[in-house]
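The values are calculated or read from the model by the stated rules, or taken from the named source; none is laboratory data. From a predicted model like this one, the values you see are computed outputs, not experimental measurements. Neighbour counts run over all protein chains shown; Cβ positions are idealised from the backbone, glycine included. Side chains included, ligands, DNA and RNA excluded: accessible areas come from the protein's heavy atoms. Shrake-Rupley method; radii C 1.70, N 1.55, O 1.52, S 1.80 Å.
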Amino acid sequence: WANVERYLIGLKTLGFDTGQSVTPIVPVMTKNDEITLEMTRICRSEGLLVIPVGYPAVPMDAPRLRTCISAIQTAEDIDFAVEVLARAGRETALI
């Protein structure tokens, strides 16, 4: 849970919308499919696995990236994920 808290604080400090997440599965709301797919491309190119989720799996107006945090990850892993998402969010003007 400490990893989830570290991750959520990092994302929210940057201005990401993580929905109502209270589990280790943390959504990063992306506003539209174009941003979702571009952020996926950027993250994966930097070695961060994120899963794009769009309609019909979620409402049409609520695409997101699915990310998962676990106890096996180190603080450095969490910080890396937040840094990569920050770059992707800025590149796509999401944040």
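Given a 1.4 Å probe and every protein chain left where it sits, what share in percent of the accessible area of the chain is carbon and sulfur? Exposed carbon and sulfur together represent 57 percent of the surface.
Spacing of the modelled spin labels on E83 and S70, each 7 Å from Cα toward Cβ, amounts to 2.3 nm.
Backbone phi angles across the stretch 12-27, fed through the Karplus curve with coefficients 6.51, -1.76 and 1.60 (θ = phi - 60°), yield HN-Hα couplings of 5, 4, 6, x, 6, 8, 10, x, 9, 4, 9, 10, x, 8, 10, x Hz in residue order; Gly and Pro are listed as x.
Can you bin the stretch 1-47 into rounded, prolate or oblate? Criterion: square roots of the alpha carbon gyration tensor eigenvalues sorted a ≥ b ≥ c, rounded for a/c under 1.5, prolate for a/b above b/c, oblate for the rest. Prolate. Compared with the alpha-carbon gap, the fully stretched path from K31 to E5 is longer by 7.0 nm at 0.36 nm per residue. Taking each residue as 0.36 nm, the span from E46 to I95 lengthens on full extension beyond its C-alpha to C-alpha distance by 15.8 nm. Rolling a 1.4 angstrom probe over the protein heavy atoms with all chains in place gives the chain an accessible area of 59 Å² per residue. Based on the alpha-carbon gyration tensor of the stretch 41-95 and its eigenvalue square roots a ≥ b ≥ c, which shape applies: rounded if a/c is under 1.5, prolate if not and a/b is larger than b/c, or oblate? Oblate, since a/c reaches 1.5 and b/c is not below a/b. Which entry in [x] 14.1; [y] 13.6; [z] 13.1 matches Kirkwood radius over Cα pairs in Å derived from the coordinates of this structure? From the options [x] 14.1; [y] 13.6; [z] 13.1, the structure gives [z].
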